[in-house]
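The numbers here are math on the coordinates, done by the rules we state, and not lab data. Being a predicted model, the structure only gives us computed values, none of them experimental. Note that each Cβ is placed from the backbone with ideal geometry, even for glycine, and that neighbours are counted across all protein chains shown.
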Amino acid sequence: MSLIVGDDGRARCAWGAGTPDYREYHDTEWGRPVHGDTALFERVTLEAFQSGLSWLTILRKRENFRAAFAGFDITAIAAFTDADRERLLADAGIVRNRAKIDATITNARALAAWQAVEGEGVLDHLVWSYAQAERLRPRAMADLAAQSVESKALSKELKRRGFVFVGPTTMFAAMQAVGVVDDHVEGCWRVVPWARRWRAGSRPRVRIRRRYRI
């Protein structure tokens, strides 16, 4: 089953009609355009922590993650010390995985160094440079992909810049979450016509020194 009609009469992607947490996330966040380096860094980080786990686990711990990681302030995380690592490993409110915690700090340092050279907005520009002007909408849950040519390219570019834990499957999930890929299935009430979606998702201009290729 790809769509489920809720008690409010709205048809939703089947995954978004489960728990109240999923329903709220599906209706108000998933697939809506997200911009800004800090906001995108948070999404990329949380998708990395989700690897091997249920997204519901991450969703229910999200506020704890924000508190533990200084609101996902890139400069603050880049300055984390060994004491911060131990603090995070002792924090039961988040996922206490050393490799993923270390990856978050590594990625913050890579992004901070990148911003120091090319300015604020570089992650935003990179992520949105892989958005397609139009693509076929999935007609059923079975049509949803796990990765794409674009997510592979994004993963490769981030790794080139020193990021870790950013494989193509993780990046595809992040691209879906932030609206770069709109994978609400056909018939879902959250489907937005392409013209409206691109007006809502138009990204701010940033200075960039190179083009990103697939």
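One table, with the values for the structure above:
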| item | result |
| --- | --- |
| Relative contact order for the chain, counting Cα pairs under 8 Å that sit 6 or more residues apart, in percent | 30 |
| Calculated FRET value between residue 159 and residue 1, using beta carbons and R₀ = 45 Å, to 0.05 | 0.75 |
| Whole-Å distance, taken between Cα centres, linking segment 131-192 and segment 9-54 | 12 |
| Cα centre as origin, Lys/Arg/Asp/Glu Cβ charges: the chain dipole, Debye | 740 |
| Ordering of 32-42, 102-112 by packing [mean C-beta count within 10 Å, highest first] | 102-112, 32-42 |
| Rounded, prolate or oblate (a/c below 1.5 giving rounded, otherwise prolate when a/b exceeds b/c) for segment 34-152 by Cα gyration tensor | oblate |
| Extension gain, residue 191 back to residue 86 (0.36 nm per residue minus Cα-Cα distance, nm) | 33.5 nm |
| Positive-end residue of 172, 58, 77, charge dipole of segment 3-201 with Cβ unit charges | 172 |
